[in-house]
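S.K.: My structure is below; once you've seen it, I'll send some questions.
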Amino acid sequence: MTDVSLYHNDFENKWCPGCGNFGVLNAVKSALAHMDIPPEKVLLISGIGQAAKTPHFLNCNFFHGLHGRALPVATGARLANHDLPILVHMGDGDCYGEGGNHLLAAMRRNIDVTLLIHDNRVYGLTKGQASPTAEYGFSTKAQPFGALSDPLKPIPLALSQGVGFIARGYCGETDHLSRLIQKAIAYPGFSMIDILQVCVSYNPVNTYEYYNERVYLLDETKHRADDWHGAMDLSLQGEDRIPIGLIYQKQTIPFTKRIKTLEHGPLFHRSFDPAAVQAVLDDL
Ligand SMILES: Cc1ncc(C[n+]2csc(CCOP(=O)(O)OP(=O)(O)O)c2C)c(N)n1
C-alpha cells in the first residue's frame, strides 16, 4: 500500500472545523493509497463550491472549472485518455442543480468516470440556501418559510437512467467510504456515490447526530447488488433508517467502447497520415 502522506499538500484549507468534506477527503486519499495509484496517475475534476475545492487539497493532477460543468470536462478527459482514473467531486447543488442536465448526459452515455457527490443538502459556499436535495420545508435565511420543492432523489434517478454502479456513503464512515470509492474506481463505466455529508455551518437538521442515529451498513448477504427492483425499493424508503453501501451494480458498455473510432485506443496514440486525410477531403 502506498504511503497516504504522498497525497497530502500544504494548500491552505478554510473548510469549517468539523466539515464533512474532511471525511470525504481522507476517504479519497485512503482509496488511492490502497489501490497504489500514484498521485500523478489520477485526475481530479471539479466545478464550484466547497465540495469542489476538494482537489485543491490533494497532491494530484486536477482541473477546477465552472459551476455544474465538471462532467463535460471529465468526458473530454476520458475520451483523450482511456487509462487514467478520473474522480469528479461535486456538491449536491453543483451536481443536481446547476449541473443537472450534464449529469443526465453522463448517465446516459455511461462516461467511464467516478462521480463523488458531497451531498450536504445545502449550498454551502454561498452561505446556506436550500439545494435540490433539501427537504420540502427546509428553512434557511433565503427561504425563511421553507424550501418549496420536494427533494431530488439521486439514487432512484440514477437507477431509472440505467447507471451501472450506484452507492451511498457517509462522511462519518471514512473506511467504509474508502472501500466504496475503490470499488467505484475499479468499475468500468459511470460510477456514482452519493455521500451523506454534514455541513456544520448551514444545515442544522442533517447533522452527525442525525445520520449516526439513522445510517446502517447494507448487509450484502441480504441485499443483492444486481437486484434493480430491490435497489429501487431500498432507495425509496423514508429516512428513519438510511442504508449505506453498494446499492446497485451491473455490467454496462462504457462510453469509450461505444465509439467505433476509439476501438484501438485514444486518437493521440495513433500516427497522423496526411495522405489519408487528403483522400477523405478529395472524396467530399
Ligand atoms: C453559474 C453559477 N451559478 C451560481 C453560482 C454561485 N454559486 C457558487 S457556489 C454555489 C453553491 C454550491 O453549493 P454546492 O454545489 O451544494 O456545494 P457546497 O458549497 O455545499 O459544497 C453557487 C450557487 C456560480 N458560481 N455560478
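S.K.: Would you mention how many residues in the range 211-234 are assigned to a loop (DSSP other than H, G, I, E, B) and not hydroxyl-bearing (Ser, Thr, Tyr)?
M.R.: So the count comes out to 9.
S.K.: Give the residue that is nearest to the ligand (Cβ to nearest atom), with candidates limited to residues of the range 117-166 that are in a strand (DSSP E or B) and crowded, with 24+ Cβ neighbours inside 10 Å.
M.R.: If we take residues in the range 117-166 being in a strand (DSSP E or B) and crowded, with 24+ Cβ neighbours inside 10 Å, then Tyr123 is nearest to the ligand (Cβ to nearest atom).
Per-residue answers, yes or no, for (1) out of contact with any helix residue (DSSP H, G or I) (no Cβ under 6 Å at 6 or more places or on another chain); (2) within 16 Å of the ligand (Cβ to nearest atom); (3) under 23 Å from Ile111 (Cβ atoms):
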residue: Asp10; (1), (2), (3): yes, no, no
residue: Gly18; (1), (2), (3): yes, yes, no
residue: Val24; (1), (2), (3): yes, yes, yes
residue: Asn61; (1), (2), (3): yes, no, yes
residue: Pro72; (1), (2), (3): no, yes, yes
residue: Thr75; (1), (2), (3): yes, no, yes
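S.K.: On to the next question. Do we find a residue being among the hydroxyl-bearing types (Ser, Thr, Tyr) and touching a His at 6+ places or on another chain (Cβ under 8 Å) anywhere in the range 13-31?
M.R.: Checked the range 13-31: no residue is among the hydroxyl-bearing types (Ser, Thr, Tyr) and touching a His at 6+ places or on another chain (Cβ under 8 Å).
S.K.: Then there is this: Out of His67, His34, report the one residue that is under 16 Å from the mean Cα position of the chain (by Cα) and not acidic (Asp, Glu).
M.R.: Just a single option satisfies the conditions, and that option is His67.
S.K.: Could you look through the range 48-59, keep only residues that are open to solvent by 40 Å² or more (accessible area, probe 1.4 Å) and of a type outside the set (A, V, I, L, M), and pick out the one that is nearest to the ligand (Cβ to nearest atom)?
M.R.: Filtering first and then ranking leaves Gln50.
S.K.: When you scan the range 245-258, do you find a residue that is without any contact (Cβ under 8 Å) to a residue 40 or more places away in the chain and over 27 Å from Gly76 (Cα atoms), even just one?
M.R.: Checked against the condition, which is being without any contact (Cβ under 8 Å) to a residue 40 or more places away in the chain and over 27 Å from Gly76 (Cα atoms), the range 245-258 yields no hits at all.
S.K.: The conditions are (1) in a loop (DSSP other than H, G, I, E, B); (2) surrounded by 15 or more Cβ atoms within 10 Å (Cβ to Cβ), and Met192 fails exactly one of them. Which is it?
M.R.: Looking at each condition in turn, Met192 falls short on (1).
S.K.: Here is a further query. From the set of residues in the range 72-116 that are in contact with a Pro (Cβ under 9 Å, 6 or more places away or on another chain) and of a type in the set (Ser, Thr, Tyr), which is surrounded by the most Cβ atoms within 10 Å (Cβ to Cβ)?
M.R.: Filtering first and then ranking leaves Thr114.
S.K.: Exactly one of these conditions fails for His89: (1) within 16 Å of the ligand (Cβ to nearest atom); (2) farther than 24 Å from Leu246 by Cβ; (3) touching a residue at least 40 places away in the same chain (Cβ under 8 Å). Give me its number.
M.R.: Going through (1) within 16 Å of the ligand (Cβ to nearest atom); (2) farther than 24 Å from Leu246 by Cβ; (3) touching a residue at least 40 places away in the same chain (Cβ under 8 Å) one by one, His89 breaks only (2).
The values are calculated or read from the model by the stated rules, or taken from the named source; none is laboratory data. Note that the structure is a prediction, hence the values are computed from the model and not measured. Cβ: placed from backbone, ideal geometry, glycine included. Neighbour counts: every protein chain shown. All accessible areas refer to the heavy atoms of the entire protein, side chains included, with ligands and DNA or RNA removed. Shrake-Rupley method; radii C 1.70, N 1.55, O 1.52, S 1.80 Å.
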